[in-house]
Amino acid sequence: MTQVEPQQYQVKKISMIAKGSDVLVREYTLGPGESIPWHHHTQVTDHYYCLEGSVLIETPAPDARRELMPGESSTVTPPTAHQVSNPSGDPCRFLLIQGVGKYDFIKEA
């Protein structure tokens, strides 16, 4: 697996699909209860596409919780803080398309 930068969290699996200078596409597999911690991006928009299981996307401002099922999608624009997790007892898989812009991962305090 090719890394964009040192990974700041652990999940079951991350597969690089495509990497350009301003777009990044990865497939994530999260085990039961795993999460990508609260963070934000300064330029890139996150486009989530659920492939299997359920994916929970949370934002504090606006205060929202969106649970995606297979075939559903959601978008988080910069600089919105967000957390992504697997709320179920089974693994979940989703595509994450990030762009257009320079990728960064700024962990929330």
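Return yes or no: is Val76 touching a His at 6+ places or on another chain (Cβ under 6 Å), in contact (Cβ under 8 Å) with a residue 24 or more places away in the chain and surrounded by 15 or more Cβ atoms within 10 Å (Cβ to Cβ)? Break it down into steps so the answer makes sense when it comes.
Details: touching a His at 6+ places or on another chain (Cβ under 6 Å): yes; in contact (Cβ under 8 Å) with a residue 24 or more places away in the chain: yes; surrounded by 15 or more Cβ atoms within 10 Å (Cβ to Cβ): yes.
Criteria met by Val76.
Residues that are aromatic (Phe, Trp, Tyr) and within 15 Å of Val11 (Cα to Cα): find the strands (runs of 3 or more DSSP E) completely inside the range 64-109 holding 1 or more of those. Walk me through how you get there before you give the answer.
Details: elements: 73-76, 82-85, 92-99.
Those strands (runs of 3 or more DSSP E) span 92-99.
Would you mind finding the one in Glu52, Glu34, Glu72, Glu67 that is closer than 18 Å to Lys107 by Cα, modelled with pLDDT of 95 or more and not aromatic (Phe, Trp, Tyr)? I'd like the intermediate steps shown before the answer.
Values: Glu52 fails: closer than 18 Å to Lys107 by Cα; Glu72 fails: closer than 18 Å to Lys107 by Cα; Glu67 fails: closer than 18 Å to Lys107 by Cα.
Just one listed residue meets the conditions, Glu34.
Based on what the data block shows, is Ile57 closer than 21 Å to Asp104 by Cβ, aliphatic (A, V, I, L, M) and more than 13 Å from the chain's Cα centre (by Cα)? Talk me through it step by step, then tell me what you get.
On the way: closer than 21 Å to Asp104 by Cβ: yes; aliphatic (A, V, I, L, M): yes; more than 13 Å from the chain's Cα centre (by Cα): no.
It is false that Ile57 is closer than 21 Å to Asp104 by Cβ, aliphatic (A, V, I, L, M) and more than 13 Å from the chain's Cα centre (by Cα).
Is it true that Gly31 is more than 15 Å from Tyr9 (Cβ to Cβ) and out of contact with any Leu (no Cβ under 7 Å at 6 or more places or on another chain)?
Details: more than 15 Å from Tyr9 (Cβ to Cβ): no; out of contact with any Leu (no Cβ under 7 Å at 6 or more places or on another chain): yes.
Spelling it out, it is not the case that Gly31 is more than 15 Å from Tyr9 (Cβ to Cβ) and out of contact with any Leu (no Cβ under 7 Å at 6 or more places or on another chain).
Looking at the range 14-21, is at least one residue of a type in the set (Ser, Thr, Tyr) and more than 13 Å from the chain's Cα centre (by Cα)? Show your work before the answer.
Pass one, the range 14-21, residues of a type in the set (Ser, Thr, Tyr): 15, 21.
Going one step further and asking which of them are more than 13 Å from the chain's Cα centre (by Cα), we end up with 21.
Looking through the range 14-21, at least one residue is of a type in the set (Ser, Thr, Tyr) and more than 13 Å from the chain's Cα centre (by Cα).
Does Gly31 meet the test of being touching a residue at least 60 places away in the same chain (Cβ under 8 Å) and surrounded by fewer than 18 Cβ atoms within 10 Å (Cβ to Cβ)?
Working: touching a residue at least 60 places away in the same chain (Cβ under 8 Å): yes; surrounded by fewer than 18 Cβ atoms within 10 Å (Cβ to Cβ): yes.
It is true that Gly31 is touching a residue at least 60 places away in the same chain (Cβ under 8 Å) and surrounded by fewer than 18 Cβ atoms within 10 Å (Cβ to Cβ).
The values are calculated or read from the model by the stated rules, or taken from the named source; none is laboratory data. Here the structure is a predicted model, which means the values were calculated and not measured. Cβ atoms come from the backbone with ideal geometry, glycine included; neighbour counts cover every protein chain shown.
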